[in-house]
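Read the structure below first, then the notes.
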Amino acid sequence: MLDVYREAIEEALELALPAPEEGDPAAVVTEAMRYSLLGGGKRIRPALVLAFCELCGGSWREALPFACAIEMVHTYSLIHDDLPCMDDDDMRRGRPTCHKVYGEAMALLAGDGLLTKAFECAAGFEDSRRALAGIQRLAHNAGYAGMVGGQCIDLSSAGKDVDMELLKAMDRGKTVALIRAACELGVIAADGSAESLGSAWVYSECVGMAFQIRDDILDVTGDAKKLGKNTGVDSARDKGNYVSLLGVERAQELVDMYTRKALEALDGCPGDGRFLKDLAMELAGREN
Ligand code: GRG
């Protein structure tokens with residue numbers, strides 16, 4: 001099913017952000033946005049939107065505007081995170097980062113363009129009440145109380161000792177918040193119950209934490225080619241993470257613990273949670 005979702009997501013993203021028309025004087029920003037948005041990526045977050053919609057009895061194709069919106073916010077965050085004023089990375093999704101190709105100013109604008117386009121996309125959801133609810137949850141999770149806040153902790157804690165509490169707050173913001181938004185938007189798209197929303201919360205919290213801890217492990221043990229980005233980044237920038245606090249083995253034990261809890265969370269949902277369970281298990285051992 002992941003392949004089916006992915007194909008639909010790729011198609012919907014291409015439709016949402018077509019190539020600029022010839023002679024468009026602002027074409028370069030669209031090209032930069034398309035370069036990052038359409039240039040690879042596992043599409044985990046938009047797949048979560050579609051899977052939660054289906055789990056809650058909705059028609060997953062109708063959730064595509066929300067799925068595209070999530071992927072656009074995610075891609076904007078990667079472009080900005082890679083900028084010299086943040087993590088200063090030169091590889092992403094197996095290619096030079098946006099600012100390496102288009103320059104810093106244009107990469108900044110490409111990120112801004114994707115963030116704003118995301119809300120235009122979400123507003124295109126067929127039912128206006130659910131569109132508004134989805135937009136509210138996306139804005140909340142992407143903003144200062146979510147991803148932006150997590151990134152703030154990440155930047156301001158570099159070079160300092162971090163403890164488990166700070167690390168958790170950082171990862172809840174930086175990584176979990178957008179994964180939570182993805183799961184919530186799927187439930188909202190299907191007009192799911194409060195119980196389903198509760199399950200989506202627990203699942204996303206656990207999958208999000210497992211995803212980030214696995215990311216910390218891959219930063220040490222991973223293969224840069226498979227990952228499509230540089231490794232050893234956290235230690236080079238003197239950033240604390242789960243591996244620096246616990247070591248690889250104990251960090252993976254945490255990944256497995258969170259993954260087990262994610263699977264349990266789905267037992268409270270009405271539909272068939274097999275896809276989401278398989279996805280959580282696959283992510284726990286991912287290599288990219
Ligand atoms: C700039 C507001 C702002 C936030 C940046 C995305 C982010 C927050 C930082 C990037 C570094 C990082 C380790 C983030 C944690 C989330 C994460 C592991 C992102 C990578 O997600 P994947 O692996 O990427 O799903 P693809 O390319 O597959 O979509």
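A short reminder: the numbers here are calculations on the coordinates, not readings from a lab. This structure is a prediction, so every number in the text was calculated from the model and none was measured. Here Cβ is always computed from backbone atoms with ideal geometry, including for glycine, and neighbour counts include all displayed protein chains.
Could you work out the equivalent-ellipsoid semi-axes for the stretch 124-165, taking the square root of 5 times each eigenvalue of the Cα gyration tensor, largest first, in whole Å?
Semi-axes, largest first: 34, 8, 5 Å.
Can you give me the orientation-averaged projected area of the convex hull built on the Cα atoms of the stretch 133-288, in nm²? Provide the component values of the computation, followed by the final result.
Values: hull surface 36.3 nm².
Its Cα hull, projected and averaged over all orientations, spans 9.1 nm².
When each pair of different Cα atoms in the stretch 77-185 is counted once in the 1/r mean, what is the Kirkwood radius in angstroms, to one decimal? Don't skip to the end; give the middle numbers.
Details: mean 1/r = 0.0659 Å⁻¹.
Hydrodynamic radius (Kirkwood, Cα pairs) of the stretch 77-185 is 15.2 Å.
Using the Kirkwood radius over Cα pairs, work out the Stokes-Einstein diffusion coefficient for the stretch 1-92 at 37 °C and 0.692 mPa s, in µm²/s as a whole number.
Values: Rh = 14.3 Å.
Calculated translational D: 230 µm²/s.
Please go through the residue pairs Lys100/Lys226; Lys174/Lys225; Lys100/Lys261 and name each one whose alpha carbons sit more than 30 Å apart in this structure. Kindly include the intermediate steps, with their values, before the conclusion.
On the way: Lys100/Lys226 20 Å; Lys174/Lys225 24 Å; Lys100/Lys261 40 Å.
Violating the 30 Å limit, Cα to Cα: Lys100/Lys261.
Taking the Cα centre of the chain as the origin and placing charges on Cβ (Lys, Arg +1; Asp, Glu -1), which of Leu178, Ala122, Val207 is farthest toward the positive end of the dipole?
Going by the Cα projections, it comes out as Val207.
Can you list the residues of the stretch 26-40 with backbone N under 17 Å from a point 7 Å past the Cα of Thr116, pointing along Cα to Cβ?
26-34
Using per-residue counts of other Cβ atoms within 10 Å, averaged over each peptide, order 45-51, 172-178, 56-62 from highest down. Walk me through the numbers on the way to the answer.
Working: 45-51: 27.9, 172-178: 22.7, 56-62: 17.0.
The peptides rank, most packed first, as 45-51, 172-178, 56-62.
What ranking, highest mean first, results for peptides 187-200, 154-167, 239-252 when packing means the other Cβ atoms within 10 Å averaged over each residue? Write out the running numbers ahead of the final one.
Values: 187-200: 21.1, 154-167: 13.6, 239-252: 17.7.
With the highest mean Cβ count within 10 Å placed first, the list reads 187-200, 239-252, 154-167.
What does the helix-only formula give at 222 nm for the chain: each DSSP H stretch with n ≥ 4 adding -39500 (n - 2.57), the total divided by the residues, and the result rounded to the nearest 500 deg cm²/dmol?
Numbers: 16 runs with 199 residues, N = 288.
Theoretical 222 nm ellipticity from helices: -21500 deg cm²/dmol.
Quote the Stokes-Einstein diffusion coefficient, in whole µm² s⁻¹, for the stretch 2-284, based on the Kirkwood radius over alpha carbon pairs, a temperature of 10 °C and a viscosity of 1.306 mPa s.
Values: Rh = 19.0 Å.
The calculation lands on 83 µm²/s.
Can you tell me the length gained on complete extension of the stretch Asp191 to Arg95, counting 0.36 nm per residue apart and subtracting the Cα distance?
Details: separation 96, 0.36 × 96 = 34.56 nm, distance 3.85 nm.
Net length gain for the segment: 30.7 nm.
Between Met91 and residues 5 or more places away or on another chain, which pairs have amide H atoms under 5 Å apart, with H built 1.01 Å from N, and which residues are they?
Thr97, Asn230
Enumerate the aspartates and glutamates that Lys277 could reach by cross-link, defined here as Cα to Cα under 20 Å, with residues fewer than 8 away along the same chain left out.
Reachable aspartates and glutamates: Asp3, Glu54, Glu184, Glu195, Glu205, Asp215, Glu253, Asp256, Glu264, Asp267, Glu287.
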